[in-house]
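The next block holds one structure in the form of structure tokens; read it before the comments.
The values are calculated or read from the model by the stated rules, or taken from the named source; none is laboratory data. Please read these numbers as outputs of a predicted model, since none were measured by experiment. Neighbour counts run over all protein chains shown; Cβ positions are idealised from the backbone, glycine included. SASA here: full protein model, heavy atoms, side chains in, ligands and nucleic acids out. Shrake-Rupley method; radii C 1.70, N 1.55, O 1.52, S 1.80 Å.
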Amino acid sequence: MTFRNGFHFYLHVTKSHLILAAKIGPAICVSNLAPTTFTSFPSSEQKVMQNYTMLTLTTDKMSAKALAEDIPMRIFYSPKACDFDRTNLANSIQQKLHDIVQSLSSGTPSQPAYRFLAAELWGRRIQIVFDVNHHKYEYETAHILAENNLPVFRLQSATNAASLIRDTDLDIRVNERIAQLHNLNGTKARPPYIADHTQGADPVVYLAPRVKNAADVIP
């Protein structure tokens, strides 16, 4: 954290700020985004589109139970950056999530609702986080970990197939990162929060966090 002319600059260059253990390689097939780039979608949960590409989905027992019983889920997804349209990244990811969530709805009593929360580019990969059936999500308190702490599931996908598994190892890192992003982006920017951390991109700068003391966000 650097203080300059009264502003708070948060430059994410250390391991502690990553969801995964390390930054993945040099940047390829991705474009630089403006430091504060984000795209606002309606604050209500997204219902899936009529037109979609169906994926063959496999789930473990906990994922199947959560989907069947409408239990809130937080999903971590780290696909290749080159799989998306880099000229319109937010909408390209949104379309992919529609396809994924439509596939999740197969065999469930109701169609899942989802909310696209964040996408961060790290070299060859994009780290995407979205919630499914998180009906009690509150934007105003989402920067507080205790109010925003969901079981995390890992999504892995190929061209026409995907798997969803419960991954307890991701719980702390993903939930803390989502709370941090709500805090760092202040009260005017709404999810999805999109940032480019790839080599050569402009530093990601947050000028107006909700809470200046991180301990007030993550105890």
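Looking only at residues in segment 140-164 that are open to solvent by 90 Å² or more (accessible area, probe 1.4 Å) and charged (D, E, K, R), the one that is farthest from Ala68 (Cα to Cα) is Glu140. Every test in (1) under 15 Å from Tyr193 (Cα atoms); (2) assigned to a loop (DSSP other than H, G, I, E, B) is passed by Pro112 save one, and that test is (1). Among the candidates Asp167, Asp131, Asp171, the residue that is within 22 Å of Asp83 (Cβ to Cβ), open to solvent by 10 Å² or more (accessible area, probe 1.4 Å) and at pLDDT 95 or above is uniquely Asp167.
In the condition set (1) within 30 Å of Val211 (Cβ to Cβ); (2) among the charged types (D, E, K, R); (3) at pLDDT below 80, Arg115 is compliant with all but (3). Considering each residue of segment 195-216 in turn, none proves to be modelled with pLDDT of 95 or more and polar (S, T, N, Q). Candidates Ala119, Ala208: the one that is within 26 Å of Asp70 (Cα to Cα), among the small types (Gly, Ala, Ser) and out of contact with any His (no Cβ under 6 Å at 6 or more places or on another chain) is Ala119.
The numbered conditions (1) part of a helix (DSSP H, G or I); (2) open to solvent by 20 Å² or more (accessible area, probe 1.4 Å); (3) of a type outside the set (Gly, Ala, Ser) are all true for Leu67 except (2).
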